[in-house]
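**Q** The following block contains the structure, expressed as structure tokens.
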Amino acid sequence: MKNIGININTEKDSKGAILDSIKKNIKRTIADSNITIFENTLGLNKKSVEKLDFIISLGGDGTLLGTAREMSKYSVPIMGVNIGNLGFLTEVESSDFYYAIKSISQGNYKIEERIMLECTIESGNTSKKYICLNDVVLSKGALSRMAKYEIFIDDKFYSSFTADGVIVSTPTGSTAYSLSAGGPIMYPNLKLMSITPICPHSLGIRTMVIDGKSKVNINLKKKYESIFLTVDGQQSQELKEDDKVTVSMSGDVCKLIKLDNYDYFDILRRKITSRTKECEGGK
């Protein structure tokens, strides 16, 4: 594990001080390491990453999501180092990096695979494809009215409903927007998907959890104003009425490096279920 990439979010380390510290700790631990720096997910192509043993995502959860979308097709493992706010998806805080890189150099880690989603939008005679780690979200624009959605699972009619939107989530993304919309928490390495309506105009519509091998078709039957499809909260496209959206499990997976002392439930308690700082007025 000596060929190491670092994808840094430069907005979170504008002076490069954290990056310098990370590089020094790598050299201190793995003397013959080769380090390649990428900024803001740019340049992560096959030629530049094919020889990497792993890549460090240096930023917050958003940086890791962007790194995952680019790196999954090359099967390069990712270690998330948090220099952002929440940092739920990242493996370690930057202050603990020396311990983390030392553990990796000693082989005290495992690689955990997370499913990703593939989303195809068919609009007339054209189609566009996206890949994501967290979720696919269809939602109304600002001040827009609700829209009507029709959902099929494995080509069988599931339901139609009027709502502000709908979220199709992976287990990794179950603690993100889906959770805020009332969806369940799913253990991250399961091969499942959840379909969660956003503020449905019906008491009978709730989250559906399905097999990850299923195919979900979402037809936009009636829209009054703007409806957008967003993947991982970072890439978006406005939808037209009668556009057809298909979501399924991607053939690529996200490989995350997890240290031997990794405890998902401890992180879940501290950063999600027992996070009361905001409620208490903390800053």
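The values are calculated or read from the model by the stated rules, or taken from the named source; none is laboratory data. Note that this is a predicted model, so its numbers are computed, not measured. We place every Cβ from the backbone using ideal geometry, glycine too, and count neighbours over all the protein chains shown.
**Q** Look through 25, 85, 45, 40 and report the one residue that is over 25 Å from residue 253 (Cα atoms) and under 23 Å from the mean Cα position of the chain (by Cα).
**A** 85
**Q** Counting only residues that are at negative phi and either surrounded by fewer than 20 Cβ atoms within 10 Å (Cβ to Cβ) or in contact with a helix residue (DSSP H, G or I) (Cβ under 6 Å, 6 or more places away or on another chain) (or both), how many does the range 63-76 have?
**A** 3
**Q** Oh, and also: Test residue 93 against the criterion of being at pLDDT below 95, assigned by TED's automatic domain parsing to the domain that holds residue 241, surrounded by fewer than 22 Cβ atoms within 10 Å (Cβ to Cβ) and out of contact with any Ser or Thr (no Cβ under 6 Å at 6 or more places or on another chain), and give yes or no.
**A** No, not satisfied.
**Q** Suppose we filter 197, 184 for residues that are free of Cβ contacts under 8 Å to residues at least 60 places away in the same chain and within 15 Å of residue 148 (Cα to Cα); which single one remains?
**A** 197
**Q** I need the full set of residues from the range 159-184 which are in contact with a helix residue (DSSP H, G or I) (Cβ under 7 Å, 6 or more places away or on another chain) and surrounded by fewer than 18 Cβ atoms within 10 Å (Cβ to Cβ), in order please.
**A** Hit for the range 159-184 is 184, nothing else.
**Q** Could you grab the pairs with beta carbons closer than 8 Å, sequence gap of 6+ or different chains, first residue in the range 106-121 and closer than 12 Å to residue 72 by Cα, second one acidic (Asp, Glu)?
**A** Going by the 8 Å Cβ cut-off, the qualifying pairs are 116/252; 117/135.
**Q** Out of 195, 210, report the one residue that is in the same structural domain as residue 172 (by TED's automatic domain parsing), more than 16 Å from residue 165 (Cα to Cα) and either crowded, with 17+ Cβ neighbours inside 10 Å or among the hydrophobic types (A, V, I, L, M, F, W, C) (or both).
**A** None of the others qualify; the one that does is 210.
**Q** If you don't mind, another one. Among the strands (runs of 3 or more DSSP E) confined wholly to the range 185-269, which include 2 or more residues that are in contact with a helix residue (DSSP H, G or I) (Cβ under 7 Å, 6 or more places away or on another chain)?
**A** Qualifying strands (runs of 3 or more DSSP E): 192-198, 244-259.
**Q** Scan the range 276-283 and give yes if some residue there is outside the structural domain of residue 73 (by TED's automatic domain parsing), part of a strand (DSSP E or B) and either out of contact with any Leu (no Cβ under 8 Å at 6 or more places or on another chain) or surrounded by 14 or more Cβ atoms within 10 Å (Cβ to Cβ) (or both), otherwise no.
**A** For the range 276-283, residues outside the structural domain of residue 73 (by TED's automatic domain parsing), part of a strand (DSSP E or B) and either out of contact with any Leu (no Cβ under 8 Å at 6 or more places or on another chain) or surrounded by 14 or more Cβ atoms within 10 Å (Cβ to Cβ) (or both): absent.
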